[in-house]
Amino acid sequence: MRDQARVVIIGGGIAGCSALYHLTQEGWADVMLIERDELTSGTTWHSAAQVTNFGMTQTMIGLKSHSIKLYKELRDDPDYPVGYNHGDGGIRLANTPEQMDGYRHFASVAAGMGVDFEVIDAEECARRHPLISTDNLLGGLWDPSDGHIDPAQLCQALARRARLAGAEVNRHTPVTGLTQHADHTWTVHTEKGDVKAEIVVNAGGYRCNEIGAMMGVQHPVASMEHQYFLTEDIPAIAEAGHRIPLLRCPISDYYSRQEKGGLLLGFYEQDCRTWGMDGIDPKFTNDLCPDDLDRVTDVLEGAFARMPVLMETGIRSIVNGPITYTIDGAPLVGPIPGKRNAFCIIGLRAGLGEGGGHGWLLAQQIVHGEAEYDTWVIDPRRFTGHASVELTALKAIEDYQNEFRFHFPHEHRPAGRPMKTTPLTPVLAAEGAHFGTVNGWERLDYIAPTPDFTETLGFRFNEVHALTAAEVAHVSTGVGMTEVSGFNRFELTGRDVHSFLDRMTCGRIPTKEGRVGLAYLLNHHGGLKGEATLANLPASDRGPARVWYGSAAASEYHDMDWLTQHVLPDEDVQIRSLTNTHTILVLAGPKSRDVLQAAARGDWSRAAFPWLSVRECHIGIAPATVLGVSFSGELAYEIHVPNQSLYAAYLAMRKAGEAHGLTLFGARAVDSMRMEKGFLHWKADILTEFTPFETGLDRFVKMDKGDFIGKAALQAQHATGLRRKLVCLRIDTTDAPAQGGASVRNRDAIVGTVTSGDWGHRTGLNLAYAFVTPEIAETGSRLTVDILGQQIAAQVIDPSPFDPDHSRMRS
Ligand SMILES: Cc1cc2nc3c(=O)[nH]c(=O)nc-3n(C[C@H](O)[C@H](O)[C@H](O)COP(=O)(O)OP(=O)(O)OC[C@H]3O[C@@H](n4cnc5c(N)ncnc54)[C@H](O)[C@@H]3O)c2cc1C
């Protein structure tokens, strides 16, 4: 074993082998994989190893397409052919119209990535899968590329190719410790000696938290026991004359695929259990958990009803093994939060299908700082301080119990809630608040009219539409208040804060005390990394002169890492998070100034406190910091209050609002209003894949200022031209909003993708934002959007259809 490597990957399952291979493909040959036992001796060896192209976002579909392309190449390699049954086809079943709508939407998302799914009815399902009955079946989603692969051969093939490219693989070498040095490099301690490394990668599967502990990190990953069995041969399969397609059933929570002349049947039982929560036996390797088919009887009944032939088929063998989950079911692939030169590729629950793609995107992040797709959906930093293994276990159980039941828009499942609350949560609940969750925070979504009001979850406009309309009307004609919990807020102090921020952002930053500005952070490729509201607070009894940096609720770890990693050794900049200590109350509407004036001393007139100002004050007796900014397009104020004074501020505001008819509104109303203003959402519309010019944020870029991160790439784009352009679309239907990921067409050709959509209640327009090819980005272009299987007429309109000159928020 060498004693040095540029990258050391710990773990030789599909995650580690794929990462190793892809690093060599990106040109890094000085890389090493260290495995405590044999390759694939964790979960990988006993995987059912199904490989689907299905995903709910373009990033997930794209990375799975990469897996499939790679696996086909490995299958066809004459020197080391891998067993891969590609193209058996697979059906995701449905028995509700809402599930069918979901499949139509996911087919639209896939089409934009060049992947063809088909939504088929029950009879067609039965025609393609000769063993199933059509009882209680509406139809399904057909993935023609579905199949399965030999997991051990796949890993051996990847390791072999990596070795040929110069990588080293060390088996039977447990990693026992990790030491990080002042220059951020590592010493990896193993039972066979130490290895110096620039970068380490945790690919430890269900042992990822043992490796995490070696670097003082706890990953939000928990394992579940998961079982499948293999049946005896089934004559009907031989008689079918073709391979039997895969099945995934959200009605009865099982999957199946052909295995030799029989079936493999896997189960997601309701009576499920976590595994290894209190430590894992070091001898558990190449091992399984004890079988327990009693636990899956409920699911078995559903499978028998769908495939009656199973009732007369014997079981050949049973497999029960640990499978890892995260808080939202997607894995953690990318930089480890709070660490330098440390990455992970863990929490994979569909690692055989996805592993090829995850290793590819991880290698790109390590080598180039960013992958070609925006990887937020798998970014380890999307969870912050609340992300314990305890919470993960609760969400893992919930996810396991709903394995094939995708989330509907606005669906926030109950496990692990409430996780993060403010002193106002129960107060708002008593007012009828319906909450969604944002990074674990309970956030006011809308005010429900009655205690037993429930929303019909689905992809079409529903009964909340009218409630949102009323909230928007109230805000735009009078005044409303909402709470924005969990908004990310850093305080930056030190002599060099402004020059530091100037280098980190692409536009002109506010430098005058008392002023506020919006700034964008780019990566080195010119892609949009972050969006921040910068507020210059003068020195006061609350502290020295400082800048408040505000950004999206989930961005805390992401933005903190990006900022701190770019402070130069000789720069005087300190950054501390106030995310969890303060909460925002937003006052919005033409009468909001009157309410603020009644609640706080001082002159709040337009002349004394114009738009884009910041001031410290008291709301009643509560200390507060007020920013004159608006996400709704109405005259509005963000009132940042320390949590211990939040209730006092709320009471003062409600009292001051009595004379002006103040009512509450929620995030759904905010979303409707921001769509009409062309205000974008980070990680929906603002993505690393696109530059500010492509995103229509040209006015926030100052190419004539000094150097900033991403400037050279933007200069290069001036020469090469834009690849896509974000446009606002008016969509001609009142039935459903466009969902993120939906495909945009020009006649039959796909020319773009929706990033977000919602109804604009002030304009009466069904609106969407979409990245489209530049030649059809002109206002007036007529296109169609693929919404729930229909090609709906759409037109490019000017990006801020409501009050385009912003006169209301400046009033
Ligand atoms: C029953 C079952 C069925 C499944 N079916 C499918 C399916 O159909 N399709 C699909 O895509 N996925 C499926 N999965 C999930 C899939 O198998 C996993 O997502 C995947 O195998 C995880 O791979 P991994 O590399 O992350 O982890 P592992 O395979 O567990 O690899 C981690 C490796 O790290 C090593 N390691 C740990 N600690 C150390 C250390 N200190 N030093 C050195 N090495 C260390 C371990 O020995 C191990 O080899 C299934 C899982 C189960 C349990």
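The values are calculated or read from the model by the stated rules, or taken from the named source; none is laboratory data. In this text, all values refer to a predicted model and were calculated from it rather than measured experimentally. Backbone-built Cβ (ideal geometry, glycine too); neighbour counts: all protein chains shown. For accessibility, only protein heavy atoms count, side chains too; no ligands or nucleic acids. Shrake-Rupley method; radii C 1.70, N 1.55, O 1.52, S 1.80 Å.
For segment 194-214, the criterion of being among the aromatic types (Phe, Trp, Tyr) and more than 30 Å from Leu300 (Cα to Cα) is satisfied by no residue at all.
One line per residue, one yes/no per condition, for (1) within 30 Å of Gln99 (Cα to Cα); (2) in contact (Cβ under 8 Å) with a residue 12 or more places away in the chain; (3) open to solvent by less than 10 Å² (accessible area, probe 1.4 Å):
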| residue | (1), (2), (3) |
| --- | --- |
| His358 | yes, yes, yes |
| Gln365 | no, yes, no |
| Glu370 | no, yes, no |
| Trp376 | yes, yes, no |
| Arg381 | no, yes, no |
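Scanning segment 784-802 for residues that are of a type in the set (Gly, Ala, Ser) and either under 17 Å from Val119 (Cβ atoms) or free of Cβ contacts under 8 Å to residues at least 40 places away in the same chain (or both) gives a single hit, Gly789. In segment 302-324, the residues that are of a type in the set (Phe, Trp, Tyr) form Cβ pairs under 8 Å with partners that are more than 16 Å from the ligand (Cβ to nearest atom) and open to solvent by 20 Å² or more (accessible area, probe 1.4 Å), at six or more places apart or across chains, as follows: Phe304/Met311.
Among the residues of segment 623-640, is there at least one that is open to solvent by less than 10 Å² (accessible area, probe 1.4 Å) and of a type in the set (Asp, Glu)? Yes, there is a match, as at least one residue in segment 623-640 is open to solvent by less than 10 Å² (accessible area, probe 1.4 Å) and of a type in the set (Asp, Glu).
Just for segment 336-356: of the residues that are more than 18 Å from the chain's Cα centre (by Cα) and away from the ligand (no atom under 12 Å from the Cβ), which one is most open to solvent (accessible area, probe 1.4 Å)? Restricting to residues being more than 18 Å from the chain's Cα centre (by Cα) and away from the ligand (no atom under 12 Å from the Cβ), the top hit is Arg340.
Taken as a whole, the condition of being under 25 Å from the mean Cα position of the chain (by Cα) and either away from the ligand (no atom under 11 Å from the Cβ) or closer than 25 Å to Ile346 by Cα (or both) does not apply to Leu39.
Scanning segment 665-698 for residues that are farther than 18 Å from Gln58 by Cα, in contact (Cβ under 8 Å) with a residue 60 or more places away in the chain and not in a loop (DSSP other than H, G, I, E, B) gives Ala667, Arg668, Ala669, Val670, Asp671, Ser672, Met673, Met675, Glu676, Lys677. Regarding Leu528, is this residue in contact with a Lys or Arg (Cβ under 6 Å, 6 or more places away or on another chain) and hydrophobic (A, V, I, L, M, F, W, C)? In short, no. If you go through segment 169-185 and pick out every residue that is within 14 Å of the ligand (Cβ to nearest atom) and either β-branched (Val, Ile, Thr) or in a strand (DSSP E or B) (or both), you end up with 7. Of all the criteria given as (1) in a loop (DSSP other than H, G, I, E, B); (2) buried (at least 23 other Cβ atoms within 10 Å of the Cβ); (3) charged (D, E, K, R), the one not satisfied by Arg92 is (1). Taking the numbered list (1) modelled with pLDDT of 95 or more; (2) more than 19 Å from Thr40 (Cα to Cα); (3) open to solvent by 40 Å² or more (accessible area, probe 1.4 Å); (4) not β-branched (Val, Ile, Thr) in turn, Ala303 passes all entries but (3).
The residues of segment 362-386 that are closer than 14 Å to Trp562 by Cα, within 12 Å of the chain's Cα centre (by Cα) and part of a loop (DSSP other than H, G, I, E, B) amount to a single one, Asp379. Among the residues of segment 443-502, those identified as in contact with a Gly (Cβ under 8 Å, 6 or more places away or on another chain), modelled with pLDDT of 95 or more and small (Gly, Ala, Ser) are Ala448, Ser476, Gly478, Gly480. Only one of the listed residues (Leu141, Leu154, Leu158) is surrounded by 22 or more Cβ atoms within 10 Å (Cβ to Cβ), in contact with a Cys (Cβ under 6 Å, 6 or more places away or on another chain), modelled with pLDDT of 95 or more and not in a loop (DSSP other than H, G, I, E, B). That residue is Leu158.
From Val319, Val333, Val299, Val309, grab the single residue that is within 11 Å of the ligand (Cβ to nearest atom), hydrophobic (A, V, I, L, M, F, W, C) and under 23 Å from Tyr228 (Cα atoms). Give the derivation first.
Working: Val333 fails: under 23 Å from Tyr228 (Cα atoms); Val299 fails: within 11 Å of the ligand (Cβ to nearest atom); Val309 fails: within 11 Å of the ligand (Cβ to nearest atom).
Going through Val319, Val333, Val299, Val309 in turn, the sole match is Val319.
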